[in-house]
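Computed from the coordinates by the stated procedures, all read-outs in this text should not be read as laboratory data. Computed from a prediction, not measured in an experiment: that's the story for all the values here. Here the Cβ positions follow ideal geometry from the backbone for every residue, glycine too, while neighbour counts run over all protein chains shown.
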Amino acid sequence: MTHLAIGDPLFSNGVHWAQLLIVVIKVLVAFGVLLVSVMLMIWFERKVISDMQARIGPNRAGPFGILQTLADGVKLFFKEDLLPERSDRFVFKLAPYLSLVPAFVAFAIVPVGGVVTVAHHTFELQVADPPIGILLLLALSSISVYGVMLAGWSSGSKYPLLGSVRASAQMISYEAALGMTVIMVVLLAGTLSTRGIVDAQAHTFFVSWNVIRTGVVPFFLFMIAITAELNRPPFDLVEAEQELVGGFHTEYSSIRFAMFFLAEFMNTITMSAVIVTLFLGGPDGPRFHFVSWLWPILWFLGKTLVFLFVYVWLRAALPRLRYDQLMDLGWKVLIPLSLFWVLVVASALVGASWFGIVIAVLVVAGGLLLRAVRVGSLRNDGLGSEEVIA
Amino acid sequence: MGLLDGIKEDMAFLGGFKVTLEQMTKTRVTWQYPIEKKPKPVRQHGRHVLNRYEDGMEKCIGCELCAGVCPADCIYVRGADNPPAEPVSPGERYGFVYEINYLRCIHCDMCVEACPTEAITESKLFEFSFTNRADAIYTKNELLVDDDGKPKQLPWEDWRPGDDAHTSAWMRATAPGGAAAYEGKVQWSGELGYGVRAPEAGQSGVRDDALTGIRSLRDVLQLHIDDAEREPGDRGVPGALKRLRRRVELQKELLKPPSRRKG
């Protein structure tokens with residue numbers, strides 16, 4: 001058997017029962033841990049956001065209210081499952097799965113830890129390491145758009161329909177910027193495999209991470225695009241309660257609603273993990289000889305937790321965008337900027353490194369000039385817009 | 001204003017992140033309601049009581065004015081002639097049926113205002129939750145004060161210390177005519193278990209707080225003013241809460257020995 005250059009070293013000696021067993025265990029562990037972490041994430045979000053809003057938050061079920069999500073889940077499970085009369089029944093039932101399954105599967109490509117050896121079997125601490133890794137993520141996040149779209153469409157009700165129309169437009173708009181930032185990372189790593197991307201960042205602590213190597217800007221672009229992709233505040237127009245009742249899941253109840261809820265938070269966790277993988281070196285970080293396999297996992301969890309906190313923070317701090325502002329930000333800011341930055345990264349890779357820096361300075365200077373011209377024209381148009389600016 | 005100011009404006013939304021993060025470090029002002037309870041306002045409108053005279057006679061004369069004035073139509077009264085041998089109330093008639101439906105009552109206190117004999121007043125109890133409709137309709141037996149002059153405590157009612165002490169607060173708050181000349185003058189009859197209740201002083205500021213169970217407006221304002229003179233730890237909302245809690249403790253202390261005077 002030849003050693004495979006890419007992919008999990010587990011399969012380098014062919015696939016036997018032992019390998020199959022390891023894969024099954026990995027899948028089950030990932031499944032269980034994801035479910036539990038969603039439970040904790042919902043609790044974490046409610047607790048942190050209540051802290052930010054001078055409230056106390058859930059504190060009744062279990063210590064510090066940590067079992068509140070479980071209680072809510074049980075309640076939802078026993079509620080009546082309604083099928084609207086005017087709904088398209090098959091699609092209506094299918095939609096929650098289209099949301100939930102990609103949310104589960106997407107996490108499979110995230111490298112959680114390093115490479116470990118248990119009983120002569122060496123394998124990677126991630127469920128799957130396909131050579132097209134990051135493309136799979138993009139594909140799955142596109143499928144979850146279908147979940148939202150079809151849920152809204154099949155409900156046979158106007159608010160869900162409006163919510164799903166918003167969702168599809170928003171997700172397609174931001175996927176462009178998302179793909180562009182991923183391209184930069186892929187250019188730097190030279191591979192689509194998430195393990196390869198992580199390994200490419202693992203030279204020195206922090207400085208070799210993509211957040212620095214791509215020049216910080218793509219990191220923020222990716223953050224914004226991902227937040228929009230997740231339909232999280234401030235981009236939660238899809239389920240804007242004040243305008244659309246509940247958005248695409250207005251007509252859903254009981255366990256089907258719970259599935260949407262689960263998918264939403266699972267996507268948040270997955271995407272935080274993806275940011276860590278793409279830009280912050282994944283499980284990379286100083287490790288010590290004392291239980292050396294544990295440190296990468298701890299690094300990964302710590303970094304992911306930071307981003308989960310950032311998502312909650314965004315929700316607490318920012319008001320929801322208007323629809324035109326959302327589209328402006330997506331098409332007029334994020335996409336041009338990410339296109340520019342792809343140029344910068346690519347030229348830095350192809351030419352000498354100073355060439356990239358020159359381009360970067362030019363882009364920044366050009367942007368500032370554009371801003372100056374805009375501000376200047378607003379000042380001098382004599383329409384009393386001074387007040388608007390001031 | 002230069003370019004930098006323009007960028008600063010564009011980035012002004014970042015201030016929200018600072019505000020939210022700062023908020024995390026501040027103390028909470030939430031009261032853990034079922035565990036800690038705020039002192040109730042003295043004239044709070046709660047569950048009704050039917051009062052009795054000092055000699056044990058019922059005050060209700062069955063005139064049905066309360067039922068007539070009730071905007072929620074929740075009171076049902078039937079009057080009957082007093083049996084000559086053992087009269088229930090002084091006078092001709094007495095309330096022979098008296099029912100209040102608490103699924104309807106809005107606690108507006110208009111029945112209390114309408115009552116010519118101060119028979120019906122409201123206690124401060126608002127925490128009573130029944131599990132069936134029959135329990136929601138309080139009959140005369142349940143509303144009438146017992147032989148101590150205290151309201152009857154039903155199993156589903158959550159009486160707290162002090163709730164049953166000042167059940168006729170409104171009666172003592174104003175002179176019946178509302179005229180300033182009557183300030184401090186007793187214009188009401190005695191009550192079983194309490195005797196003649198002390199009057200409140202309106203504008204003069206002379207009054208016995210322990211007797212009337214009133215917290216002065218000045219005390220309430222004190223929660224909010226004079227912060228400059230206080231220790232840094234006692235200022236603002238946390239300080240006000242601290243003082244309020246101290247006050248609650250003090251009130252509990254005051255109410256501990258049963259203040260029932262034999263009437």
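What the table below lists for this structure:
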quantity: Close pairs (8 angstrom Cβ cut-off, 6 or more residues apart or separate chains): at positive phi in the stretch B:71-82, surrounded by 12 or more Cβ atoms within 10 Å (Cβ to Cβ) and of a type outside the set (Gly, Ala, Ser) anywhere; calculated: B:Asp73/B:Arg104
quantity: Residue within the stretch A:69-78 that is touching a Ser or Thr at 6+ places or on another chain (Cβ under 8 Å), away from chain B (no Cβ under 14 Å) and β-branched (Val, Ile, Thr) present; calculated: no
quantity: Hits in the stretch A:273-303 (condition: touching a helix residue (DSSP H, G or I) at 6+ places or on another chain (Cβ under 8 Å), surrounded by fewer than 24 Cβ atoms within 10 Å (Cβ to Cβ) and either of a type outside the set (A, V, I, L, M, F, W, C) or assigned to a helix (DSSP H, G or I) (or both)); calculated: A:Ile275, A:Gly285, A:Pro286, A:Arg287, A:Lys303
quantity: Total residues in the stretch A:155-165, condition assigned to a helix (DSSP H, G or I) and surrounded by fewer than 24 Cβ atoms within 10 Å (Cβ to Cβ); calculated: 5
quantity: Yes/no for B:Lys59 being in contact (Cβ under 8 Å) with a residue 60 or more places away in the chain and either touching a Cys at 6+ places or on another chain (Cβ under 7 Å) or buried (at least 18 other Cβ atoms within 10 Å of the Cβ) (or both); calculated: yes
quantity: Flag for B:Ile106 being in contact (Cβ under 8 Å) with a residue 12 or more places away in the chain, in contact with a strand residue (DSSP E or B) (Cβ under 8 Å, 6 or more places away or on another chain) and either outside any loop (DSSP other than H, G, I, E, B) or of a type in the set (A, V, I, L, M, F, W, C) (or both); calculated: no
quantity: Residues within the stretch B:2-24 that are exposed (fewer than 11 other Cβ atoms within 10 Å of the Cβ) and either facing chain A (nearest Cβ under 7 Å) or part of a helix (DSSP H, G or I) (or both), tallied; calculated: 5
quantity: Flag for B:Val42 being within 8 Å of chain A (Cβ to nearest Cβ) and of a type in the set (A, V, I, L, M, F, W, C); calculated: no
quantity: Some residue of the stretch A:280-289 being out of contact with any strand residue (DSSP E or B) (no Cβ under 8 Å at 6 or more places or on another chain) and either of a type in the set (Asp, Glu) or more than 28 Å from A:Gly114 (Cα to Cα) (or both); calculated: yes
